[in-house]
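Enquirer: Sending over a structure as structure tokens; questions will come in a sec.
The values are calculated or read from the model by the stated rules, or taken from the named source; none is laboratory data. Here the structure is a predicted model, which is why all the values come from computation and not from measurement. Glycine also receives a Cβ, built like all others from the backbone with ideal geometry; neighbour counts cover every protein chain displayed. What goes into the accessible areas is simple: the full protein's heavy atoms, side chains included, and nothing from ligands, DNA or RNA. Shrake-Rupley method; radii C 1.70, N 1.55, O 1.52, S 1.80 Å.
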Amino acid sequence: MEKANLTLYTVIGDFSRVAESMRVRFQDVTKMFTPEDDRWMILLQDDTMIRCSMMESGSQADQVAEHTEGMANYFARVDTPLTAIKEEVIRQIQCFNCIVGIEFELDDDRDRTSYIINTFYDVAGDVNGFLLYPSMSLFDRKGKLLFSVKGESEYEAFRPVANSDLLEVGRPDVGDVDQARRERSFVRLKEAGVPYMEHLPCEVLDCEAMIRKPEEIARRAAALFAVALYSEVMLSENPDREEALGFVTRVDEGYHIMDEFTPLERTYLENPSPEQYDCIQFLWRYECCAVLLWALGIVELPYPSAICDVPYIARLFFDHKENGTVLGLGEIRDRQEILDEADLTLRYDWACVDARVKGEETPVSLDGGVVMERHYAFNWLIGAGDGAEWDEIQPTT
């Protein structure tokens with residue numbers, strides 16, 4: 001009999017859930033299930049076999065790391081206009097901590113084949129997983145194409161997910177100040193009716209936090225404003241790239257931001273024909289800009305159910321460009337207030353991701369896009385990922 005192969009990738013903490021999910025999902029058509037450590041077999045009622053072998057980051061961390069690094073490098077070489085999607089897919093691959101090779105026997109019965117494949121999608125849903133086909137096409141739990149070797153995707157935007165256990169590896173103990181911060185977040189979440197997970201750890205402990213300097217925050221805010229403004233023009237009804245670049249020049253005249261652009265931002269701005277998708281992704285940077293202006297005490301951050309006040313942000317930058325900085329327009333917020341808001345935003349994002357994984361609407365009018373961008377900006381602001389640079393930030397929920 002011809003054999004087919006799939007690979008299941010997931011980010012769960014309890015690796016035994018994978019075999020258990022397969023046992024339950026296939027039980028109506030199973031004659032015998034034989035689990036054995038990291039390998040198991042399912043003998044179907046038609047006397048064909050499904051064989052599975054698992055690598056996980058506990059006892060086989062080196063093998064998992066080698067596999068995911070190779071997979072990430074493979075997709076990194078894919079030529080695609082969907083550069084932002086590709087970057088997020090690579091980040092997702094780097095988060096995988098459990099890999100299951102699946103082999104099953106094929107026959108001429110298409111209904112049988114569809115049943116087996118669809119059941120594996122059910123398993124992916126149970127364990128927050130993704131399925132890779134031999135064609136190097138990666139699909140989500142609903143069978144939606146995330147990314148392929150041809151550089152294709154059915155996603156307009158994608159946000160990686162990771163196991164919260166990864167946040168705790170090699171970290172110092174949670175202190176009283178961290179627990180108190182988490183409790184304050186719970187109070188605000190309860191008041192708003194936002195669901196939360198009590199054991200989701202702080203993304204950055206108080207002893208780990210490295211708040212960026214005000215001057216660095218102000219420069220990054222100005223660069224983000226310029227990139228978002230450029231994107232807004234490029235997405236207008238009659239886009240004119242020269243006009244868009246002219247606005248970047250106007251911002252630079254006041255704030256001298258040409259050296260502040262990150263490698264990804266510079267690549268985007270230098271592309272003579274940027275994809276609409278990339279323009280949309282960088283347009284969202286208004287939300288990141290708002291977070292940094294909040295940290296400088298210039299604006300407020302309302303409940304994240306709607307986009308920020310873009311016209312106000314634009315007036316702020318253009319009205320004060322002769323100063324060469326936005327510093328001094330407000331009172332810079334203290335460390336604890338910034339860390340409190342960062343922790344709350346992490347938990348807003350968990351609620352959004354949890355709803356997305358379950359195929360549900362985001363709770364209590366949360367705007368997932370706004371929350372996602374705020375989370376990204378806060379991670380940079382508080383020095384998450386050992387002070388990772390802007391392009392390297394990887395928010396975790």
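Enquirer: Suppose we keep only residues that are touching a residue at least 40 places away in the same chain (Cβ under 8 Å) and farther than 26 Å from residue 14 by Cβ within the range 104-132. Which one would you say is farthest from the chain's Cα centre (by Cα)?
Expert: My answer is 107.
Enquirer: Which pairs have Cβ atoms under 7 Å, sit 6 or more apart or on different chains, and link a residue in the range 306-323 that is open to solvent by 80 Å² or more (accessible area, probe 1.4 Å) to one that is among the β-branched types (Val, Ile, Thr)?
Expert: So the pair list comes out as 307/370.
So that you can scan it fast, the table gives a plain yes or no per residue for (1) of a type in the set (Asp, Glu); (2) open to solvent by less than 10 Å² (accessible area, probe 1.4 Å); (3) within 12 Å of the chain's Cα centre (by Cα); (4) within 20 Å of residue 302 (Cβ to Cβ):
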position: 355; (1), (2), (3), (4): no, yes, no, no
position: 360; (1), (2), (3), (4): yes, no, no, no
position: 368; (1), (2), (3), (4): no, no, yes, yes
position: 371; (1), (2), (3), (4): no, yes, yes, yes
position: 376; (1), (2), (3), (4): no, no, yes, yes
position: 381; (1), (2), (3), (4): no, yes, no, yes
position: 387; (1), (2), (3), (4): no, no, no, no
position: 392; (1), (2), (3), (4): yes, no, yes, no
position: 396; (1), (2), (3), (4): no, no, yes, no
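Enquirer: Give all pairs with beta carbons closer than 6 Å in which a residue from the range 1-28 that is without any contact (Cβ under 8 Å) to a residue 40 or more places away in the chain meets a residue that is in a strand (DSSP E or B) and open to solvent by 20 Å² or more (accessible area, probe 1.4 Å); count only pairs at least 6 apart in sequence or on separate chains.
Expert: Close Cβ pairs (under 6 Å, with a partner that is in a strand (DSSP E or B) and open to solvent by 20 Å² or more (accessible area, probe 1.4 Å)) amount to 19/35; 23/33.
Enquirer: Testing residue 191 on (1) open to solvent by less than 30 Å² (accessible area, probe 1.4 Å); (2) within 30 Å of residue 337 (Cβ to Cβ); (3) not in a loop (DSSP other than H, G, I, E, B), one condition comes back false. Which one is that?
Expert: It fails just one condition, (1).
Enquirer: Can you name the residue in the range 356-397 that is in contact (Cβ under 8 Å) with a residue 60 or more places away in the chain and polar (S, T, N, Q) and, of all such residues, is nearest to residue 263 (Cα to Cα)?
Expert: That would be 394.
Enquirer: I've got another one for you. Considering only residues that are under 12 Å from residue 219 (Cα atoms) and either of a type in the set (Lys, Arg) or without any contact (Cβ under 8 Å) to a residue 12 or more places away in the chain (or both), look in the range 254-270 and name the one that is most open to solvent (accessible area, probe 1.4 Å).
Expert: Here the residue is 259.
Enquirer: Could you check residue 215 against (1) at pLDDT 95 or above; (2) loosely packed, with under 13 Cβ neighbours inside 10 Å; (3) in a loop (DSSP other than H, G, I, E, B) and say which number it fails?
Expert: (3)
Enquirer: Kindly indicate whether residue 197 is closer than 30 Å to residue 329 by Cα and either open to solvent by less than 50 Å² (accessible area, probe 1.4 Å) or not in a helix (DSSP H, G or I) (or both).
Expert: Details: closer than 30 Å to residue 329 by Cα: no; either open to solvent by less than 50 Å² (accessible area, probe 1.4 Å) or not in a helix (DSSP H, G or I) (or both): yes.
It is false that residue 197 is closer than 30 Å to residue 329 by Cα and either open to solvent by less than 50 Å² (accessible area, probe 1.4 Å) or not in a helix (DSSP H, G or I) (or both).
Enquirer: Out of everything in the range 333-353 that is in contact with a Leu (Cβ under 9 Å, 6 or more places away or on another chain) and among the basic types (Lys, Arg), what residue ends up being least open to solvent (accessible area, probe 1.4 Å)?
Expert: 347
Enquirer: Having 1 or more residues that are touching a Cys at 6+ places or on another chain (Cβ under 8 Å) is the bar; report the helices (runs of 4 or more DSSP H) wholly within the range 257-335 that clear it.
Expert: On the way: elements: 263-270, 276-283, 285-295, 310-319.
Hits in the range 257-335: 285-295, 310-319.
Enquirer: Still on this structure, I have one more. When you look at residue 249, is it hydroxyl-bearing (Ser, Thr, Tyr), more than 24 Å from the chain's Cα centre (by Cα), part of a helix (DSSP H, G or I) and more than 17 Å from residue 288 (Cβ to Cβ), yes or no?
Expert: yes
Enquirer: Condition check: open to solvent by less than 30 Å² (accessible area, probe 1.4 Å), farther than 19 Å from residue 339 by Cβ and either assigned to a helix (DSSP H, G or I) or at pLDDT below 95 (or both). Does residue 209 satisfy that?
Expert: No.
Enquirer: Regarding residue 139, is this residue open to solvent by less than 20 Å² (accessible area, probe 1.4 Å) and farther than 15 Å from residue 11 by Cβ? Spell out the reasoning first.
Expert: On the way: open to solvent by less than 20 Å² (accessible area, probe 1.4 Å): no; farther than 15 Å from residue 11 by Cβ: yes.
So residue 139 does not fit the description; no.
Enquirer: Does residue 14 satisfy the criteria of being under 26 Å from residue 354 (Cα atoms), under 23 Å from the mean Cα position of the chain (by Cα) and open to solvent by 60 Å² or more (accessible area, probe 1.4 Å)? If you could, list the steps in order and put the result at the bottom.
Expert: Details: under 26 Å from residue 354 (Cα atoms): yes; under 23 Å from the mean Cα position of the chain (by Cα): yes; open to solvent by 60 Å² or more (accessible area, probe 1.4 Å): yes.
Yes.
Enquirer: Restricting to the range 224-248, what's the tally of residues that are touching an Asp or Glu at 6+ places or on another chain (Cβ under 9 Å) and open to solvent by 70 Å² or more (accessible area, probe 1.4 Å)?
Expert: Total satisfying the criteria: 0.
Enquirer: Which of the numbered conditions does residue 74 fail, given that it passes all the others? Conditions: (1) touching a residue at least 24 places away in the same chain (Cβ under 8 Å); (2) in contact with a helix residue (DSSP H, G or I) (Cβ under 6 Å, 6 or more places away or on another chain).
Expert: Result: residue 74 fails condition (2) only.
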